[in-house]
Ligand code: PLP
C-alpha cells in the first residue's frame, strides 16, 4: 500500500477545536426537519421499529428504482462495508481496489484472511480500470471501488465506470461505495444503481452521513441483487442496528431537498475559497468532487498535525508514495478561514 497515516501523540493536549476538518462531516446538519423527526421519535423508543423500517426501505427502493428486496440497511454504510467483507472473505480470497482508497472494507477483509490486490491510481488519481480488470483472478471475490474516492477526492467518470461495471461484474461482484456522490459538482457522476435493473452483480453503498449531515445518527444502505443481499443476511442481519430515531431522521432528511441543495452549494463555495487560498500560497491540490481536499505539503505530516492542532484546527495527514499530504475537510467558511490562517504558520 502507498498510504500511511500520521496521528497526534496520545498525550497531546489540544486546545479547543475551532475547525473540525478531519472526518469529512457536514457542518450544517442534521437538517431541522430531521431534528424535529428525532424529537418525535423518542416516545416510540420502547418498541422495535419493524414497520417504520419497512416503510423506509420501501421509500429508498422507490427512490433507487429497485425492489425492497434489493435494499439492506445499516447503522452507517461502514456496517455494510464490514458485513460484506466478513461474509465474502471468511474463506479467504482477494479483493481488488485502487490504491489509495477508503480502507474500511479492505481492512476487515484482510483481518479475516483475504489479500488485498492494490492497483495504483492513474496520474490524475482516477481509477486505473484497465489495470483493475487485469488484476482480477480466480481468487478474486470482490472488486471495491470508491467513487468519488477517499482520501483523494478524485472522480472516475460515470461513463467509464458504467462500462467497467457492466462487463467485469459478469466475472466478479463489484462494490461501488458512493458515500460522496451527491457532493460531486460539475462532473460526469452517475450512480451505478441503474445497473441493478440490468441484472448486473453490483453492490452500491450510500450513506446519510455526508449530504444529509447525519454522521452521528448512523444510517446507510446498500442496494444489490436480492441473492447477494440474501447471502449477506444469512450470516449478518441488516437493519438491527438502526433505531426509531435514525429511521425518522433518515426519512425526514430524504424529503428535505432544500437542505441537500444548500449543503451542496455551501460546500462548493467553501471549496472554491480554499482553492483560491491554496493557489495564492503555491499549494497544488487534487481537484475534489467531495467535501475534502488532498494536497501535498513541503513539511512532515507530524508537523502539520501538531501545528494545526495548536491553533484548534483538526485535519488529517498521510504519507502517500512516501510524500507528506494534508487532507482537509470542507467545513463552514469560518472554519476554512481558520484553516487558511493556521496554514500561514508554514510559509
Ligand atoms: N465510505 C466512504 C468512502 C467514507 O469516506 C466513509 C466515511 O467517511 C464511509 C464509507 C462510512 O461512512 P458511514 O459509516 O458514516 O456511512
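Got at least one residue in region 57-73 being within 16 Å of the ligand (Cβ to nearest atom) and modelled with pLDDT under 95?
No, every residue in region 57-73 fails to be within 16 Å of the ligand (Cβ to nearest atom) and modelled with pLDDT under 95.
Kindly indicate whether residue 135 is in contact (Cβ under 8 Å) with a residue 24 or more places away in the chain, away from the ligand (no atom under 16 Å from the Cβ), buried (at least 18 other Cβ atoms within 10 Å of the Cβ) and assigned by TED's automatic domain parsing to the domain that holds residue 220.
no
Name every residue in region 322-341 that is part of a helix (DSSP H, G or I) and either over 13 Å from residue 308 (Cβ atoms) or in contact (Cβ under 8 Å) with a residue 60 or more places away in the chain (or both), in order of residue number.
Once the filter is applied, which keeps residues that are part of a helix (DSSP H, G or I) and either over 13 Å from residue 308 (Cβ atoms) or in contact (Cβ under 8 Å) with a residue 60 or more places away in the chain (or both), region 322-341 yields 333, 334, 335, 336, 337, 338, 339, 340.
Just to verify a result, which residue in region 38-80, among those that are over 20 Å from residue 229 (Cβ atoms) and crowded, with 16+ Cβ neighbours inside 10 Å, is nearest to the chain's Cα centre (by Cα)?
Among those residues, the one meeting the criterion is 38.
Being surrounded by fewer than 24 Cβ atoms within 10 Å (Cβ to Cβ) and over 15 Å from the mean Cα position of the chain (by Cα) is the filter here, so list the residues in region 143-160 that pass it.
Within region 143-160, 157, 158, 159, 160 meet the criteria.
Within region 98-109, which residues are touching a strand residue (DSSP E or B) at 6+ places or on another chain (Cβ under 6 Å) and in a helix (DSSP H, G or I)?
Answer for region 98-109, where residues must be touching a strand residue (DSSP E or B) at 6+ places or on another chain (Cβ under 6 Å) and in a helix (DSSP H, G or I): 105, 106, 109.
Return only the number of the condition from (1) touching a residue at least 60 places away in the same chain (Cβ under 8 Å); (2) touching a helix residue (DSSP H, G or I) at 6+ places or on another chain (Cβ under 7 Å) that residue 113 does not satisfy.
(1)
Condition first: out of contact with any helix residue (DSSP H, G or I) (no Cβ under 8 Å at 6 or more places or on another chain), within 22 Å of residue 243 (Cβ to Cβ) and assigned to a helix (DSSP H, G or I). Now tell me which residues in region 61-79 satisfy that.
Within region 61-79, 77, 79 qualify.
Hey, among 234, 210, which residue is at negative phi, touching a helix residue (DSSP H, G or I) at 6+ places or on another chain (Cβ under 9 Å) and surrounded by fewer than 19 Cβ atoms within 10 Å (Cβ to Cβ)?
Of the residues listed, the single one that is at negative phi, touching a helix residue (DSSP H, G or I) at 6+ places or on another chain (Cβ under 9 Å) and surrounded by fewer than 19 Cβ atoms within 10 Å (Cβ to Cβ) is 234.
For (1) outside any helix (DSSP H, G or I); (2) closer than 23 Å to residue 227 by Cβ; (3) within 16 Å of the ligand (Cβ to nearest atom), each residue gets a yes or a no:
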site	(1), (2), (3)
82	no, yes, yes
91	yes, yes, no
96	yes, yes, no
119	yes, no, no
122	yes, no, no
126	yes, no, yes
151	yes, no, yes
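Inspect all residues belonging to region 44-61 and state whether any of them is closer than 25 Å to residue 155 by Cα and in the same structural domain as residue 183 (by TED's automatic domain parsing).
For region 44-61, residues closer than 25 Å to residue 155 by Cα and in the same structural domain as residue 183 (by TED's automatic domain parsing): present.
With the checklist (1) in contact with a helix residue (DSSP H, G or I) (Cβ under 7 Å, 6 or more places away or on another chain); (2) over 24 Å from residue 3 (Cα atoms); (3) outside any loop (DSSP other than H, G, I, E, B) in hand, flag the one item residue 142 doesn't pass.
In the conditions (1) in contact with a helix residue (DSSP H, G or I) (Cβ under 7 Å, 6 or more places away or on another chain); (2) over 24 Å from residue 3 (Cα atoms); (3) outside any loop (DSSP other than H, G, I, E, B), residue 142 misses (2) alone.
Exactly one of these conditions fails for residue 260: (1) closer than 25 Å to residue 28 by Cα; (2) within 19 Å of the chain's Cα centre (by Cα); (3) within 15 Å of the ligand (Cβ to nearest atom); (4) at pLDDT 95 or above. Give me its number.
Here residue 260 meets the rest and fails (3).
Does region 172-200 hold any residues that are assigned to a loop (DSSP other than H, G, I, E, B), away from the ligand (no atom under 16 Å from the Cβ), in contact with a helix residue (DSSP H, G or I) (Cβ under 9 Å, 6 or more places away or on another chain) and at pLDDT 95 or above, and which are they?
173, 198, 200
The values are calculated or read from the model by the stated rules, or taken from the named source; none is laboratory data. From a predicted model like this one, the values you see are computed outputs, not experimental measurements. Here the Cβ is made from the backbone with ideal geometry for all residues, glycine too, and neighbour counts use every protein chain on show.
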